[in-house]
Amino acid sequence: MAKAVKRIKWKHYANYIVIAILTVVFSIMSLSGSLTSSTIYLLEKIIIAVMLTVSLSVVVGFLGELSLGHAGFMCVGAYLGGKTACLLQPTMGNSFPALLVSLVVGGAVAALCGVIIGLPALRLKGDYLAIVTLAFGEIVRSIFMNSSSESFGGSLGLTTPRYDKNTLFIIALVLVLGCLAVIQNLIQSKHGRAITSIRDNEIAARATGINVTQYKLSVFTIAAFFAGIAGVLYSFSNYTIQSTKFNYNYSIEILVMVVLGGMGSINGSIIAATLITILDIKLQTILTGNLAVLQDLLYALVLIILVIYNNAPALKGFRERHTLKNYLYKFSKGKHDPSHRADDEAKWDRVPTKIEMNEVLSTEFQPTMSTLNPDQKGDFK
Amino acid sequence: MEIIETLINGLSSGGTYAMIALGYTMVYGIAKMLNFAHGDIIMVGGYMLYVTMITAGNPMLGLIAAVIFCVLLGITVEKIAYKPLRGASPLAVLITAIGVSYLLQSTAQMIFGTAPKMVIIADMGNFEVGALKIPYYTIVTLVCSFVIMIALTMFVKTTKIGRAMVAVSEDRGAAQLMGINVNGIIMITFAIGSALAAFAGFFMLMKAPSLSNTLGAMPGIKAFTAAVIGGIGSIPGAMCGGILLGVVEAISFKIPVIAPYTDAIEFMILILILLVRPTGIMGKVRREKV
């Protein structure tokens, strides 16, 4: 009797396993005291960047809505979490439960903000939604900046309790693992497929009975929750938080990481966040003083060139001929086999626009020369 | 009296916002892209003004130089950064625009440094009638911006190029079939938007003479907000949105309790208006067809 064996695709869990192994390794290293404080600082920054990028990637890469206010959610989490820890300090000290409570509070309030911002988002689309999220980020920042010094520190910033770096670091590693587990499982579940179908064609998704409203709202909430958690971690890792950090440029930085990592790819987001953060901190130590501006210039140029190379319609043929995969294939097999496609290769490499989908679906679609085979041309004469 | 002063102030800064917003809205209407680098064109214009005023010492000459330079810059940016991406996803174009914005800011910082430059255009004093006291630059800004806006409306409504612009924004494919040079129209749109940005930069420096490489960032975002409030893609909408935002800002500055929250209030107005009218005050509702 043949029994259907459910094949576990290890490929899908590779990133998870790698990060789990890294968590164990770094935990042991930090407990044995072999990590320097600068390494821990770098790793903390990477963890925060990975959490932010992965959570934004769900909104932009999988739901297909542009959000320019991710730093706003992080700001809410950082302030609320930091304040909770400050309030708990007299009774509970710098204990683990206090940290846990502040993480939960920061995440929950940020998630609540996600719901609040998600509600108008249901009525809006595309660029209108982008500007609303941007406005939200600026509103949050302005409120915290003008708060009284007793409540949230105002323009001076809020000082948070100092936790033991090693404990905080391990907790952060476990949290990023949790974040990845939740988001990875969500994307690979049937809900994840529903979310991607909304991205690809909202009207068709609605017609097939997918509750678009509910999915959009829950994606916004989940993304906001993890951004809030990242904010709480940031507040403890920096000891002090200032609202000027969370301006719209920071939201855009996160968005850039998502785009450079590849839209709709969780692994890409993780890699991009890690590399950019390392590069950022390394360059900050090399380029000091007047040279610091070179870093921004370099980023801007790389960003423009990469986006044009990856998206320009004129370069499509060139891109397809010169992929890394093709080169690897040539290297291993000696010749290039264009018919070779992996079973899950049907990934999208760019966002199909709504207008484009309409064109494809409409009855007025006219075949252009590129869609015709050369030998079929005769029929149209 | 203070109410009238506040209102005139608001109208004047609203005129500046409206001119920047026009740049956003026209580019959006015709090229269907959010030009995030538009705010930084203002900054570049400001630096051009600064350089001309140091070498020639004449603010009018500076304004002309700034307008010419901004027009050339706008066209160059469009040709190099946005044109290759025509037909690609809107998100890709947006990210490129953000890249261009960073590029302009960091280039300006590399050439001129981080310290703010003082650009004192002219000290014209105040216009006084009885208890009413209005600085002259407010009146100049108000009059100029309204004249420019009326001229632009006339240009779009009556000239051949203006009609072609409307046609391209309605339906690019159909416009091309009617023999309109779409690429040329897009170039002209960028040129007009950049020229308006240069004027707006001139008015902004007349009001507050401090010039740094982030001069255009916040006004850019606010003007973008104004364009969305008015309904992005609509020229009268951008004017309305800009003036509304300017007046709200001026009133909010005058009330001490809410003055620190001025930015938050302006963005709140955006969210509220979009909740009531999801396409802005004058935006067209486009039905999505399957």
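The values are calculated or read from the model by the stated rules, or taken from the named source; none is laboratory data. Keep in mind it's a predicted model, so treat the numbers as computed, not measured. Cβ placement follows ideal geometry from the backbone for every residue including glycine, while neighbour counts extend to all protein chains displayed. For accessibility, only protein heavy atoms count, side chains too; no ligands or nucleic acids. Shrake-Rupley method; radii C 1.70, N 1.55, O 1.52, S 1.80 Å.
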**Report entry** Within the stretch B:212-247, considering residues that are among the polar types (S, T, N, Q) and open to solvent by 10 Å² or more (accessible area, probe 1.4 Å), the one farthest from B:Thr6 (Cα to Cα)
**Finding:** B:Asn213
Requested in this report: May I ask you to list the residues in the stretch B:98-129 that are within 7 Å of another protein chain (Cβ to nearest Cβ) and either aromatic (Phe, Trp, Tyr) or farther than 23 Å from B:Leu215 by Cα (or both)?
Outcome: B:Tyr102
Report task. Output the qualifying pairs, or none if there are none: Cβ atoms under 6 angstrom, residues six or more apart or on different chains, first residue in the stretch A:295-318 and in contact (Cβ under 8 Å) with a residue 24 or more places away in the chain and facing chain B (nearest Cβ under 7 Å), second residue surrounded by 19 or more Cβ atoms within 10 Å (Cβ to Cβ) and of a type outside the set (Lys, Arg). Result -> A:Leu303/B:Gly99; A:Val307/B:Ala92; A:Val307/B:Ile95; A:Val307/B:Thr96; A:Asn311/B:Leu85; A:Asn311/B:Ala88; A:Asn311/B:Ala92
Report task. Check B:Thr25, B:Thr52 and return the single one that is of a type in the set (Ser, Thr, Tyr) and crowded, with 23+ Cβ neighbours inside 10 Å. Result -> B:Thr25
Query raised in the report: What are the pairs, 6+ residues apart or on separate chains, where a residue within the stretch B:73-97 that is facing another protein chain (nearest Cβ under 9 Å) has its Cβ under 8 Å from a residue that is of a type in the set (Lys, Arg)?
Result: B:Ala88/A:Arg350; B:Ser89/A:Arg350; B:Pro90/B:Lys32; B:Ala92/A:Arg350
**Report entry** Checklist (1) assigned to a helix (DSSP H, G or I); (2) closer than 25 Å to B:Thr159 by Cα applied to B:Lys284, failing item
**Finding:** (1)
**Report entry** Every pair of residues 6+ apart whose Cβ atoms lie under 8 Å, when the first sits in the stretch A:184-202 and is in contact (Cβ under 8 Å) with a residue 12 or more places away in the chain and surrounded by 14 or more Cβ atoms within 10 Å (Cβ to Cβ) while the second is part of a helix (DSSP H, G or I) and charged (D, E, K, R)
**Finding:** A:Ile198/A:Lys216; A:Asn201/A:Lys354; A:Glu202/A:Lys354
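Would you mind stating whether B:Met60 is under 24 Å from A:Ile304 (Cβ atoms) and either open to solvent by less than 40 Å² (accessible area, probe 1.4 Å) or in a helix (DSSP H, G or I) (or both)?
In short, no.
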Query raised in the report: Taking the stretch A:144-169 only, how many residues are part of a loop (DSSP other than H, G, I, E, B), away from every other protein chain (no Cβ under 14 Å) and buried (at least 17 other Cβ atoms within 10 Å of the Cβ)?
Result: 5
Requested in this report: Only one of these is outside any helix (DSSP H, G or I) and more than 14 Å from chain B (Cβ to nearest Cβ): A:Ile210, A:Ile222. Name it.
Outcome: A:Ile210
Query raised in the report: Is there any pair linking a residue in the stretch B:255-269 that is within 7 Å of chain A (Cβ to nearest Cβ) to one that is not polar (S, T, N, Q), with Cβ under 7 Å and at least six apart or on different chains, and which?
Result: B:Asp263/A:Glu138; B:Ala264/A:Ile139; B:Ala264/A:Ile143; B:Phe267/A:Ala135; B:Phe267/A:Glu138; B:Phe267/A:Ile139; B:Met268/A:Ile139
Query raised in the report: Any chance the stretch B:232-243 includes a residue that's modelled with pLDDT under 90, closer than 15 Å to A:Ile131 by Cβ, among the hydrophobic types (A, V, I, L, M, F, W, C) and in contact with a Lys or Arg (Cβ under 9 Å, 6 or more places away or on another chain)?
Result: no
Requested in this report: Select from the stretch B:117-133 the residues that are in contact with a Ser or Thr (Cβ under 9 Å, 6 or more places away or on another chain) and open to solvent by less than 50 Å² (accessible area, probe 1.4 Å) and write down the one among them that is modelled with the lowest pLDDT.
Outcome: B:Val119
Query raised in the report: In this structure, is B:Asp40 within 14 Å of chain A (Cβ to nearest Cβ) and either within 20 Å of the chain's Cα centre (by Cα) or at pLDDT below 90 (or both)?
Result: yes
Query raised in the report: So which of B:Gly246, B:Gly231 is under 16 Å from the mean Cα position of the chain (by Cα) and within 13 Å of chain A (Cβ to nearest Cβ)?
Result: B:Gly231
**Report entry** Filter result (farther than 24 Å from A:Asn249 by Cα and charged (D, E, K, R)) within the stretch B:1-54
**Finding:** B:Glu2, B:Glu5
Report summary line: Of the candidates B:Met178, B:Met165, B:Met206, B:Met149, the one satisfying the condition of being under 15 Å from B:Ile235 (Cβ atoms) and either out of contact with any Gly (no Cβ under 9 Å at 6 or more places or on another chain) or modelled with pLDDT of 90 or more (or both) is B:Met165
Query - Considering residues of the stretch A:235-264 that are touching a strand residue (DSSP E or B) at 6+ places or on another chain (Cβ under 7 Å) and open to solvent by 10 Å² or more (accessible area, probe 1.4 Å) only, the residue farthest from the other protein chains (Cβ to nearest Cβ) - result: A:Tyr239
